[in-house]
Each structure stands twice: as structure tokens, then as C-alpha cells.
Amino acid sequence: MRTDTLFLLKFSIVAATIATLVAVIPAQAQSSSPDEPTIQLTPADHSAAIGAKVGVHHAYPANNAAGQALRARQIAERRRMNNASGDGNFGGTILQYTGDVTSLGGNVLTSAVSHAIYLQRQTGSQCTIGTCWGDPEGFLRDLGNSDFIHVIDQYVGLRDANRYTVGFHATVNYTPQATPLLDSDIQAVVHAVATHTGASGYGHIFHVFLPPGQDECFDSTLSECYSPDNPATFYFCAYHDYADFPDIGHVIYTVHPYANLPGCQVQPGTPNGELVDSTDDIVNHETFEAITDPDLDAWRNESGAAYLFTDEIADECQLLVVLDGEYYNDVPTFLIGAHRYAVQLVYSNEQHACSSAASKGNP
Amino acid sequence: MKTSSPHCFCTLAIAAAVTLLLAIPARAQSSAPGELTIQTTAADNAAVLAARLRYRHARPANTAAGQELRVQQTAERTSLHNGTSGGRESREILQYFGDVTYGGGQVVKSAVSHAIYLQPQTGSQCTIATCWGDPEEFLRDLDNSDFIHVIDQYVWLHDANRYTVGFHATVNYTPQATPLLDTDIQAIVHAVAAKKGASGYGHIYHVFLPPGQDECFDSTLSECYSPDNPATFYICGYHSSVDFADIGHVIYTFQPYQNVNGCQVQPGTPNGRLVDSADDNLDHELIESITDPDGDAWTNTSSAYYSGAEIADECQYYKDFQNEYLDSSYVPTFQIGAHVYAVQLVYSNEQHACSSAP
């Protein structure tokens, strides 16, 4: 699926930015090493993105007015029949745990390999992985070796160790445009990498990292975006989603714009610094949800609780703090694998709480 | 506080209150010691103009507009707090995102509830039973229940019979083409409280509106109880507090007709939808009036979704019985005092859950 040819394609408006990505890919070796490919998008990637059946983005709302509006809209759009608890008890105390999630029967990821995809500007300021995002792959490795990851054993029905590992990472060079990237651009990037590596299906999660200053929107209406420079459309900090490509099938991906800014970042004073912990906090959030609700039809809050309806296990555990008038994600610091991180917890039905480790009795 | 002068050319904000004044019949104000018929006066309207609204917390309707209100309330009330983060190295951290925190404000350690029923002077009327069921009996049962003691943890008392029922009053009025406003409700509350000399944190007034009577927060008519106008149908009820210059602090709850899509409980509840819907909203607003009367006591200050919520807000469940957007409140059935009711639970920090008993 690779080609060295530079393409100038005239697609629909949806594909316009994708064409930009294609046109600016340098004529360089596509892979610097087997585990670190530099990927070039092709017309097939764009066509695949256009032809793909995509899910409904599950967004991580920004901590601002637009993000609150997105939170409400997600709840409103996704209400459905449910069975709440607690009816008809004439005897002892009734307790309702509003945070408990239920499965709608969809797939979960019983194991998966995470692959990082870093978008790098072809022109202008660049940064290393360390200065742009910290070490998200290091975090994912620690997460895979932690007690924390076993909170989700209850949702996937397995308790084995080392089910969630880290694979390759890829770099995609591009020339930024005046308009934001679109989700269809992200899908084209994911398609290119997945095709190049032959990695698709429920065993792989692609994490796409955007550099500082790069906005992204759900679609060409440019109405719901990661856009710190435009508060009116700054709705989300990240999201997870899936796409069914006609050629390579089902692909699960998460999108990670630059997280170290107001509306997305964690509180100051975390052990690895705000850049690293803000990035890892959101990687953590989206990874857990991609595992337990990859197609938006598995584990979520279907109880009918007014404020939590359709929330996934990481959504419910987002805590906020206001410091000097700015919202921050209020995250605890704890040991994950070999290192200490400041990232949010995830909801455990077994403990009826946001938790950092499986309940006692689980390995 | 009464006056026989029927005419008052006041601001738009009190126009409906003037209507109330004009429509009151010339009859005895009290038909029995516990049953007042009250007439709002120019002094009540003036008291409202001079009053300071301390706090108002609405129960959003189960509508698109209500969802907007929920978001707005959350955004407005997220405030500085000390989170649970930082430095813990123990093997397991548990966070209960529903837990509420104390902001230092007043709580109502004990109180007498008083029901105020608005009755249209013209057109169809209904009895208390056919309009609202028996809210006062529900309040008596609540006072004698295990359920009320869920809130002991928030008011630091465990004694029985702290939340009793006092008198009730009837206010006759002529409905207008425009909705009532919150200032009208305050004028009514002022009239009753002044007449009875009952104000302060020891009294809670519950103002019941008859079927078909809309009400809005203010004269913009933008956020209302208005089942006939979905675009402005934001609220099913609210609790509030106001400081009057003459009689001081007064706590009241607003109880419009609940047995409508967007406010009612699910079908099949033991006392019927009219009764259980009215009691469900009364339960919600009363308990929040006790634990957060002025908006500065017990609220959730940490959760991205719950921030600003009070202990009844967190335990609202919805279920779609209509196959349309207007959902029903989905409430459990359980014993409260001497009877079985279908009303929502309230959040207990001690149990980290919505609970029917401590």
C-alpha cells in the first residue's frame, strides 16, 4: 500500500486536509527501523477513510463552557432504554450506586498492543517526543505491568498479566494548514500505519499524538474541535473511536492533541511535570475506555442516572479543581508499574468507586 | 401587612403579583387554625422588591432545555476545592465521586414545613387531593421515617421528629396569559410568613401550583416550568432562600404540577402517578433545602459531571417510557413512615451511595 509518488488530489472538502498530508510527505525512507516507521499516506488511505464506517466519537470534554455543552449533548444524544436499580424493595435499606456501568453486549479488548503515532510538522517548529508529549509509551508499558490495569479485569473477564503491551511507534510528517485537521485525516493516518504494519482488529490500539498548536475537529463543519485558540469550538481534549475500513477491517484508535494547556492539563505540582502527566492522564483515560468500550456498545453507564448517563469508566472519575480561576484535572499520584504518575482513576463496579487497583480477592 | 387598596402600578417583575392581589376574594383569611387563606398585599410586593434572593437551585426538567440548565448550573457552581489527589503511595486509592463536601454554610437542623396551595380564582379548580395528592401526609411520614435520617450526617443531629408539618395556606389568584414569576412566589411566601410570624431557618414553605400554571425565574421568561412551551421548559421545581427587609430569611420550595411529561415518575407506582410525582419532587426539594438552604453548605465540588450537584440531584434516575425525549423520573418504591411511596433516594457520604436509610 505504499508509494513514493507525491499526489495532488482533489477530493471533497472532507479530504482536503488529507491531501495536504500526502503532498508534503518527504521523499525519505518510510521506516527508520521496523519498530519506528515513518509512514507516507497514499490515495488508498484517503479513499479508505472516506469509505470507512466510523463510530460515534467518544470525546473527552474540555474543562470549559464548550466542553460542558459537549458533555450534555453526548448524554442527550445517547439516551436509551435502561433498567435502573432499586425498584420494589419493601424491606431493608435500598442502595443505588449511580456510577455502576453495565455492558450492552459489545466487544471488549481482552488483550491488545498499543501503537503510538506521532504527527510532526514538516515545516516550522518541531519537537522531540520527549518535549512534545513526554513518554507515553513508557507510561503504557508501566500501565500494562501495574495493579491499576487489573481494575478492568472485571469488565473483560480475564485476569492474566501482560495482556496490554506496547508495539511499534510511527512518525507522520505533515505541513500544517490554516484549517484544523479533521477526524477523517486521523483515520487516513491510522489506515496508513495499520496497513503498513498489518496490524488491525481488536488486538491493536493506535494512539495518534498531535503536536502543540495543531487543532483538530470532528468534521468539516469545524464546530466541535480541539481548538484552544478558539474557545467557542474548543469542545474536547481527546477521544477514542473506531473505523471499519473496506480493506483492512476494524481499527481502534485514540486521538491525543497536545494536553498541556488550560482546559486539558492536570493540576500543577505533579511528579513528572504538567506536560508528561497531562499527556499520560489522557492516554490513560482513552486507553481504558478503548479497552472496555471500543465500539461504544459495551461498558457504560446505562442506569439512567441523570448526570452520568452513557458515561464510560474513565469519564465518571474525572475530578476537577479550580486554581486561580483555571480548571485543572484533579488527579491522584500513585505507583503505576515501575514509576509514579499523576493520572485519574477509573470506575470499578466491584468497589463502587474510582479505583487504582482491583478489589481485594483479585490477583 | 394587609391593605384594602387594590391598585398598584409597579414594575413588570411584580405584575403577576398585582394580579394575585386583585383576585383575592373578600373572605375570611383563615378558615381554620391550620388552614390560612392569604391575600398578598402591596407590602408583600414591596418586600419582594427590597428583598435579596440568596439562592435558587432548580431541579431540571427531563427535557432538552432541562439538560441545558443542568450544564449551566454545573458550570456556575464549580468552585475551588481541595481534591483527593497528591502523594498517596498506598496500594489502593478509592475515590467516591458522588461524595459531597461541606462549604461552611447553614443547614436546617430542624424545621416546620408549611404548604401553600395556589388555586385559580376563575375556571377549573381542584381539591388538594386531586391537584397534588396529600403532600402534607407525605411530609409527616417522611419525618417519621428511617429515610429522613440519611441526612443526619449532614446536620450533625440524630434526634427523631426534627422535620414536622405546620399549617397550610391557600392563595386564590386569577391566571394570566403570562407565567408567574419567582418574585410572585416570593410575594406569596412573604404574605404567609408575615401573617404567621414564621421565618428563619426553622420554617420551610412549599408553594404548590395548580395544573396548567407556568412559572419562570424572571421576566425574561427564558427559564421556566412550561410544559406547553418546550423551548423554555427547564425546571420541575426548585428550592430557594430570600432575605426580606422586614421578616428576614425565608426558605421556600417551588412545586409546580408534576404529573406531566418531563417531571412525572414512571407509571405503575403505588399511589398513582399524580401523588407519587408530587411527593417525589417535594422529597427532592425539601431534603436539599435542609442540607443546602443557601447554596453554600453540602454540594459536590469535585466531579466533572456532578460538580454543583446537591444530595438529591445526584440520585435522579430517568427512564424513557414514552419512546420520546421527555422521560420519566425512575424512582424506587419503599416504606416511608406509615406508607409506601415511590420517590427518589438521596446521596449518603457514609454509604457512598444513594440510600433509603442510614
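The values are calculated or read from the model by the stated rules, or taken from the named source; none is laboratory data. As the structure is a prediction and not an experimental result, all values here were calculated from the model. For neighbour counting, all protein chains shown are included, and Cβ atoms are generated from backbone atoms with ideal geometry for every residue, glycine included. Just the protein is used for accessible areas: all its heavy atoms, side chains included, with ligands, DNA and RNA removed. Shrake-Rupley method; radii C 1.70, N 1.55, O 1.52, S 1.80 Å.
For this structure, a couple of remarks:
- Tabulated pairs, segment B:126-138, first on the phi > 0 side of the Ramachandran plot, second not hydroxyl-bearing (Ser, Thr, Tyr), C-beta under 9 angstrom, 6+ apart or interchain: B:Gly133/B:Asn271; B:Gly133/B:Gly272; B:Gly133/B:Leu274; B:Gly133/B:Val275; B:Gly133/B:Asp276; B:Gly133/B:Ala278; B:Gly133/B:Asp279
- Per this entry, A:Ile149 is counted among residues that are in contact with a helix residue (DSSP H, G or I) (Cβ under 7 Å, 6 or more places away or on another chain), surrounded by 20 or more Cβ atoms within 10 Å (Cβ to Cβ) and farther than 30 Å from A:Glu224 by Cβ.
- Of all residues in segment B:233-258, those being over 15 Å from B:Val207 (Cβ atoms) and modelled with pLDDT of 95 or more number 7.
- A:Ala357 satisfies every condition listed in (1) surrounded by fewer than 24 Cβ atoms within 10 Å (Cβ to Cβ); (2) in contact with a helix residue (DSSP H, G or I) (Cβ under 9 Å, 6 or more places away or on another chain); (3) more than 7 Å from every other protein chain (Cβ to nearest Cβ) except (3).
- Residue ranges of helices (runs of 4 or more DSSP H) in segment B:88-201 with at least 3 members among the aliphatic types (A, V, I, L, M), more than 30 Å from B:Thr301 (Cα to Cα) and at pLDDT 95 or above: B:182-196
- Filtered residues of segment A:331-354 (kept if at the interface with chain B (Cβ under 8 Å from one of its Cβ atoms), over 27 Å from A:Ser103 (Cα atoms) and either part of a strand (DSSP E or B) or at pLDDT below 95 (or both)): A:Thr333, A:Phe334, A:Leu335, A:Arg340, A:Ala342
- Some residue of segment A:287-295 being in contact with a Phe, Trp or Tyr (Cβ under 7 Å, 6 or more places away or on another chain), open to solvent by 10 Å² or more (accessible area, probe 1.4 Å) and either without any contact (Cβ under 8 Å) to a residue 40 or more places away in the chain or over 30 Å from A:Ser103 (Cα atoms) (or both): no
- Single condition B:Ala115 does not satisfy, out of (1) surrounded by 20 or more Cβ atoms within 10 Å (Cβ to Cβ); (2) within 30 Å of A:Ile94 (Cβ to Cβ); (3) touching a Gly at 6+ places or on another chain (Cβ under 7 Å): (3)
- Note on segment B:263-358: enclosed strands (runs of 3 or more DSSP E) holding 1 or more residues that are touching a residue at least 24 places away in the same chain (Cβ under 8 Å), within 10 Å of another protein chain (Cβ to nearest Cβ) and of a type in the set (Gly, Ala, Ser) are B:339-342, B:346-348, B:353-355.
- Test for A:Ile313: is it buried (at least 22 other Cβ atoms within 10 Å of the Cβ) and more than 30 Å from B:Asp327 (Cβ to Cβ): no
- Within segment B:339-352, the set of residues being among the β-branched types (Val, Ile, Thr) and open to solvent by less than 10 Å² (accessible area, probe 1.4 Å) comprises B:Val343, B:Val346.
- Here A:Ser303 clears all of (1) buried (at least 24 other Cβ atoms within 10 Å of the Cβ); (2) at the interface with another protein chain (Cβ under 9 Å from one of its Cβ atoms); (3) under 19 Å from B:Leu94 (Cβ atoms) except the condition numbered (3).
- The condition of being crowded, with 19+ Cβ neighbours inside 10 Å, within 14 Å of chain B (Cβ to nearest Cβ), in contact with a Ser or Thr (Cβ under 8 Å, 6 or more places away or on another chain) and outside any loop (DSSP other than H, G, I, E, B) holds for only one of A:Asp277, A:Asp281, that being A:Asp277.
A quick yes/no check of all residues on (1) surrounded by fewer than 22 Cβ atoms within 10 Å (Cβ to Cβ); (2) among the charged types (D, E, K, R); (3) at pLDDT 95 or above:
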position	(1), (2), (3)
B:Glu285	no, yes, yes
B:Pro293	no, no, yes
B:Trp298	no, no, yes
B:Ser303	no, no, no
B:Ala309	no, no, no
B:Tyr317	no, no, no
B:Ser328	no, no, no
B:Gly337	yes, no, yes
